[in-house]
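Here's the structure we're looking at; comments come further down.
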Amino acid sequence: MSTEMKTSAENTSANTNAGTGKPARKKSFIRTLFRNWRIVGAMLLVLFAAGTYLWKDIAVKRAKAATAERAAEAMGEQARAGMRLAALPLVWAVRSEMMRGNIEQVNEYLNQFVREPNMKELAVAAADGRIVAATDKRREGAPAAEVYPPDALKADTVTAAVQKDGNILVAAPVMGLNARLGTLVMIASPPTFSPETPSR
């Protein structure tokens, strides 16, 4: 009698487990994966290829951005050096005309020079700090220290610095025989760098 009861209890528990179906589902899912291994493998390959492509795309974009930044810095430094060199002959021409008191000719030099590419503004301040010649006529007669950085106006050598607006400001002292005659100020926009090469 007890043996029959045990057998019926085992059958009942087996039926209960079969009713839940959890072990059977696990086995059937794994079997389905094994049966369709080609599809699963293809999906994994597609995911791997997509991940590799995205990773390479991000790496290339980062490399391009770093290269563009380094190139822009190099071009900016080259532009500042070029403007410092360009200021020297203009300073000599301005010096000779200021020693003669010929401010009209100084204005002529400035108006010619401002036509160069990227050049935005030129001015000459006298020793007393007043602007005596400028391509922007509204600045003439105004104190140079109110318009341009005072430190640049006092420098004894040719200086070039990038302003807050991104423009390059060059200040060059105009020296007479015994004293300083004034300061030449040049403002230019920096050259722009584009990694895209023009198509031919």
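Would you confirm whether or not segment 132-152 contains a residue that is small (Gly, Ala, Ser) and within 18 Å of residue 118 (Cα to Cα)? Before you say what the answer is, go through the steps one by one.
Narrowing segment 132-152 to residues small (Gly, Ala, Ser): 133-134, 141-142, 144-145, 152.
When the remaining residues are screened for being within 18 Å of residue 118 (Cα to Cα), the result is 134.
Scanning segment 132-152 turns up at least one residue that is small (Gly, Ala, Ser) and within 18 Å of residue 118 (Cα to Cα).
Looking at 131, 103 in this structure, which one is over 32 Å from the mean Cα position of the chain (by Cα) and within 16 Å of residue 171 (Cβ to Cβ)?
Going through 131, 103 in turn, just one is over 32 Å from the mean Cα position of the chain (by Cα) and within 16 Å of residue 171 (Cβ to Cβ): 131.
Take residue 88 and decide whether it is surrounded by fewer than 19 Cβ atoms within 10 Å (Cβ to Cβ) and of a type in the set (A, V, I, L, M, F, W, C).
Values: surrounded by fewer than 19 Cβ atoms within 10 Å (Cβ to Cβ): yes; of a type in the set (A, V, I, L, M, F, W, C): yes.
Taking the combined requirement at face value, the residue satisfies it.
Tell me whether segment 126-140 contains one or more residues that are modelled with pLDDT under 95, out of contact with any Asp or Glu (no Cβ under 6 Å at 6 or more places or on another chain), aliphatic (A, V, I, L, M) and surrounded by fewer than 16 Cβ atoms within 10 Å (Cβ to Cβ).
Yes, segment 126-140 contains a residue that is modelled with pLDDT under 95, out of contact with any Asp or Glu (no Cβ under 6 Å at 6 or more places or on another chain), aliphatic (A, V, I, L, M) and surrounded by fewer than 16 Cβ atoms within 10 Å (Cβ to Cβ).
Would you check if there is a residue in segment 148-168 being surrounded by 13 or more Cβ atoms within 10 Å (Cβ to Cβ), basic (Lys, Arg) and part of a strand (DSSP E or B)? Explain how you work it out, then say what you get.
So in segment 148-168, the residues surrounded by 13 or more Cβ atoms within 10 Å (Cβ to Cβ) come out as 148-149, 152-155, 158-162, 167-168.
Right, trim to basic (Lys, Arg) and you get 154.
Imposing the further condition that a residue be part of a strand (DSSP E or B) reduces the set to none.
Scanning segment 148-168, I find no residue that is surrounded by 13 or more Cβ atoms within 10 Å (Cβ to Cβ), basic (Lys, Arg) and part of a strand (DSSP E or B), so the answer is no.
Hey, does segment 106-122 have a residue that's of a type in the set (Val, Ile, Thr) and either in a helix (DSSP H, G or I) or at positive phi (or both)?
yes
The values are calculated or read from the model by the stated rules, or taken from the named source; none is laboratory data. Here the structure is a predicted model, which means the values were calculated and not measured. Cβ sites come from the backbone with ideal geometry, for glycine too, and all protein chains shown count toward neighbours.
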